Structures are given as structure tokens and as C-alpha cells.
Amino acid sequence: MEFRYKPLEIKPSKTVKRKTVVWRPIIPVYLFNSKKVVGYEAIIDSGADSNIFHSEIADILGIMYKKGSKRHIFGIGAQEIKGYECEVEIKIEGFDKYSTKVI
């Protein structure tokens with residue numbers, strides 16, 4: 001699989017003094033549940049152990065995500081993220097749809 005990096009604009013803040021453009025590995029994906037589908041631009045982390053999406057995506061798809069298995073994920077600086085593992089179908093543009101677990 002090969003996708004081009006996409007430019008993202010970072011607006012000035014306390015830590016970023018001026019408008020900046022950063023390049024990120026973003027690909028178009030589609031998440032499915034029953035008869036509902038959500039198109040989404042996902043940032044790809046080739047070293048990640050899990051696929052993580054915001055709970056708003058589950059809400060749109062009608063997934064009762066809090067019924068899924070609880071998961072604790074740790075990111076940079078050991079920051080903990082609490083989530084729930086759920087089964088969805090995912091389609092990466094240009095490839096077949098398949099079933100996977102996401103948090």
C-alpha cells in the first residue's frame with residue numbers, strides 16, 4: 001500500500017507561534033455497521049498495535065461501544081486513554097472491505 005502524505009495546517013497557539021504546515025500520512029477509510037457508513041480521513045501509524053477512532057464515529061454508526069471490552073491504551077509520556085474494543089467493517093479506498101476490531 002502506498003499513499004501520499006497530506007499537508008495539514010497548524011494554527012498559532014501557546015506552543016506554536018505562527019501558522020505551520022505539517023505533512024501527515026492520511027488515508028480515506030470507510031467504517032461500516034449494519035446499514036450505516038462513515039467516511040473518514042485516518043492518520044496512519046505503521047507502528048500502532050490498534051486502530052483507534054473517536055467515540056463520535058461509534059455514535060454515528062449506532063454502535064453501543066460501552067458494551068465492548070474495556071481497553072487502556074498508553075501514548076507518549078505514558079498518557080492513558082480509556083476506550084472500548086468493538087467490531088466494525090472497514091474499507092480502505094482501493095481495497096476490499098474487511099472486519100476488524102477498533103478501539
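The values are calculated or read from the model by the stated rules, or taken from the named source; none is laboratory data. Predicted model, so just to flag it, every value in this text is computed and none were measured. As a convention, Cβ positions derive from the backbone with ideal geometry for all residues, glycine included, and neighbour counts pool all protein chains shown. For the accessible areas, the whole protein counts, side chains as well, though only heavy atoms, and no ligand, DNA or RNA atoms are used. Shrake-Rupley method; radii C 1.70, N 1.55, O 1.52, S 1.80 Å.
Over the chain, accessible surface divided per residue gives 80 Å², non-protein components excluded, 1.4 Å probe. Spatially, the range 1-41 and the range 78-103 are offset by 16 Å when compared through their Cα centroids. Recomputing Rg and Dmax of the Cα atoms in Å from the coordinates shown identifies the correct label among (i) 15.1, 47; (ii) 15.6, 45; (iii) 15.3, 58 as (ii).
A simple count of charges around D59, restricted to other residues whose Cβ falls under 15 Å of its Cβ and scoring Lys, Arg +1 and Asp, Glu -1, yields +2.
In this structure, the residue pairs whose Cα-Cα separation is over 18 Å, taken from K35/K91; K66/K91; K6/K35; K36/K91; K67/K91; K36/K70, are K66/K91; K6/K35; K67/K91; K36/K70. Putting +1 on Lys and Arg Cβ atoms and -1 on Asp and Glu Cβ atoms, find which of N51, P12, G94 reaches farthest to the positive end of the dipole of the chain. My answer, from the dipole projection, is P12. For the chain, the share of DSSP beta bridges that are antiparallel, to the nearest 5, is 95%. Taking the average, over residues, of other Cβ atoms within 10 Å as the packing measure, peptides 51-64, 7-20, 89-102 rank 51-64, 89-102, 7-20 from highest down.
As a fraction of the 1.4 Å probe accessible area of the chain, surface on carbon and sulfur atoms comes out at 52 percent.
The lysines within cross-link reach of K11, meaning a Cα-to-Cα straight distance under 21 Å and a gap of 8 or more places when in the same chain, are K19.
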